[in-house]
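*Asks:* One structure is given below, represented as structure tokens, and several questions about it will come after.
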């Protein structure tokens with residue numbers, strides 16, 4: 001290979017490494033948890049689900065998902081710095097209290113939530129999201145089309161034309 005070819009490859013490699021760093025930095029910024037955003041998202045989804053259940057009320061409990069409703073309620077509360085009691089979580093589930101308690105038990109068994117005794121009233125327990133659950137909810141939020149960063153796909157045939165300006169910029 002000629003020296004010019006090596007220099008061009010080196011410059012292209014440097015430019016691509018800088019671009020990869022930019023993408024990595026941007027991805028890290030996008031994946032940062034924004035408490036206001038996750039609270040808004042969880043509340044919005046929770047309300048949408050209530051609206052959907054009202055519209056499909058003739059279908060009974062076919063579209064009910066108590067575990068998801070509980071997680072949405074806890075995510076919003078956690079992001080807003082509030083605690084949710086077990087009884088409040090049961091109400092948020094929009095099912096019979098015994099059904100809601102059964103779902104809470106399933107969530108606890110899987111480590112998605114855990115109980116904390118209320119220090120001022122030993123008859124009451126608060127529910128908290130388990131380790132890593134908020135991050136999973138943020139991933140769900142970020143995977144929705146309206147929340148994804150939209151980048152135009154790169155056509156491989158354009159790589160040569162894209163590298164041309166880099167090559168000229170690197171030349172003295």
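The values are calculated or read from the model by the stated rules, or taken from the named source; none is laboratory data. The structure presented is a predicted model; accordingly, all values stated were derived computationally and were not measured. Note: ideal-geometry Cβ built from the backbone for every residue, glycine included; neighbour counts use all protein chains shown.
*Asks:* Going residue by residue through region 99-110, is there one that turns out to be modelled with pLDDT of 95 or more, out of contact with any helix residue (DSSP H, G or I) (no Cβ under 7 Å at 6 or more places or on another chain) and either within 17 Å of residue 134 (Cβ to Cβ) or not assigned by TED's automatic domain parsing to the domain that holds residue 140 (or both)?
*Replies:* Yes, some residue in region 99-110 is modelled with pLDDT of 95 or more, out of contact with any helix residue (DSSP H, G or I) (no Cβ under 7 Å at 6 or more places or on another chain) and either within 17 Å of residue 134 (Cβ to Cβ) or not assigned by TED's automatic domain parsing to the domain that holds residue 140 (or both).
*Asks:* Continuing with the same structure: Condition test on residue 95, is it more than 16 Å from residue 136 (Cβ to Cβ), assigned by TED's automatic domain parsing to the domain that holds residue 134 and loosely packed, with under 15 Cβ neighbours inside 10 Å? Reasoning before the result, please.
*Replies:* Numbers: more than 16 Å from residue 136 (Cβ to Cβ): yes; assigned by TED's automatic domain parsing to the domain that holds residue 134: yes; loosely packed, with under 15 Cβ neighbours inside 10 Å: no.
Answer is no for this residue.
*Asks:* Oh, and also: Checking the condition in contact with a strand residue (DSSP E or B) (Cβ under 6 Å, 6 or more places away or on another chain) and either closer than 11 Å to residue 46 by Cβ or not in a strand (DSSP E or B) (or both), which residue from 77, 100, 67 passes?
*Replies:* Of the residues listed, the single one that is in contact with a strand residue (DSSP E or B) (Cβ under 6 Å, 6 or more places away or on another chain) and either closer than 11 Å to residue 46 by Cβ or not in a strand (DSSP E or B) (or both) is 77.
*Asks:* Only residues in region 126-152 that are within 18 Å of residue 113 (Cα to Cα) count as the first member; pair them with residues that are modelled with pLDDT under 65 and buried (at least 16 other Cβ atoms within 10 Å of the Cβ), Cβ under 7 angstrom, at least 6 apart or cross-chain, and list the lot.
*Replies:* none
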